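Working notes for the structure below.
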Amino acid sequence: MSGLLLRLAGPLQSWGERSAFTPVRDTAPFPTRSALIGMFAAAEGHSRDQADLDRYRDLRLTVRVDRPGVRLVDYHTAGGGFPKDRTAATSGGSNKGAAVITRRHYLSDAVFVVAVTAPQETIDRLAAALSRPHWAPYLGRRSCVPDEPFLLRHHVDNPEEELRTRVPLSRTPPPAQDAHSRETGTIAVDFLREQPPPTSSSSAPAPVDTIDVNDVPVSFAQHGRSHTGRRLYRTVETVPRSLAGPPKTLMQRLIDYAHREESA
């Protein structure tokens, strides 16, 4: 098994939990499996109707929540007051000449780092596609453009261990008066895993909160989109305090981290 690391950051992200068009376009508080697999399929040049989702079945995803972001709701309208041929169609394909109104939810200023683990040949294929994508990646919606660096590392022997010990954290260290962080040299960070977290004989296991989500894609077809469920294991784990730093040094720390793989 091998892996790669993606950093999902940008002014806005939106990870819709419901595939059907409704007046309220929600967002999950973290990247969904459906959105990530859709990103990979788009990078490889597979259209919604042609994507073979079995090729992504063996992916294991782990998400580190560097910053959860702030939920933002956009009151959005399209059309209204124009002739029928200049007004947006409704989700049913009809057009009544009235404005289509939605409230679209986003995560503002959120940052997630995703470890993707899979057999070596799958990682090779995905790394090549994400380095030169057929269709540009986006953070849940086309208007949500990712920051750079996006693909942090292409080939990592143990990407989940990298999340815990080496990938720079997009967060400032706790203040000096935080005695626990200062004495232990660690920072508490949220993780979301598709398997129970590994246990260590040298430390007590982290408390686990299980959540069930319906975000495993079965089909991306425009008129037959469907999903099934999976279980996630949410934990609060400690990472080295040294991974964090002031915002003005973050970009350089990320570049240095990504460059070490290129020069290895």
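Output yes when any residue across the range 43-58 is modelled with pLDDT under 95, farther than 27 Å from ARG253 by Cα, outside any helix (DSSP H, G or I) and in contact with a strand residue (DSSP E or B) (Cβ under 6 Å, 6 or more places away or on another chain), and no when none is. Yes, that holds for at least one residue.
Among the residues of the range 231-242, those that are under 20 Å from the mean Cα position of the chain (by Cα) and either surrounded by fewer than 16 Cβ atoms within 10 Å (Cβ to Cβ) or closer than 14 Å to THR184 by Cα (or both) comprise ARG231, VAL236, GLU237, VAL239.
Considered as a group, the residues in the range 202-223 that are within 20 Å of ASP190 (Cα to Cα) and either touching a helix residue (DSSP H, G or I) at 6+ places or on another chain (Cβ under 9 Å) or in a strand (DSSP E or B) (or both) include one that is modelled with the lowest pLDDT, and that residue is VAL208. When VAL216 is tested against (1) among the β-branched types (Val, Ile, Thr); (2) in contact with a Phe, Trp or Tyr (Cβ under 7 Å, 6 or more places away or on another chain); (3) surrounded by 14 or more Cβ atoms within 10 Å (Cβ to Cβ), exactly one condition is not met: (2). Where strands (runs of 3 or more DSSP E) sit wholly within the range 99-197, those with at least 2 residues that are touching a residue at least 24 places away in the same chain (Cβ under 8 Å), buried (at least 17 other Cβ atoms within 10 Å of the Cβ) and β-branched (Val, Ile, Thr) occupy 111-118, 186-193. Among the residues of the range 59-79, those identified as outside any strand (DSSP E or B) and on the phi < 0 side of the Ramachandran plot are LEU59, PRO68. Which members of the range 86-122 meet the condition of being at pLDDT below 95, in contact with a helix residue (DSSP H, G or I) (Cβ under 9 Å, 6 or more places away or on another chain) and not polar (S, T, N, Q)? Matches in the range 86-122: LYS96, GLY97. On the basis of being in a loop (DSSP other than H, G, I, E, B) and either surrounded by 10 or more Cβ atoms within 10 Å (Cβ to Cβ) or modelled with pLDDT of 90 or more (or both), does ALA258 make the cut? No; evaluated as a whole, the condition is false for this residue.
The values are calculated or read from the model by the stated rules, or taken from the named source; none is laboratory data. Computed from a predicted structure; not experimentally measured. Reconstructed Cβ throughout: ideal geometry from the backbone, glycine too, with neighbour counts over all protein chains shown.
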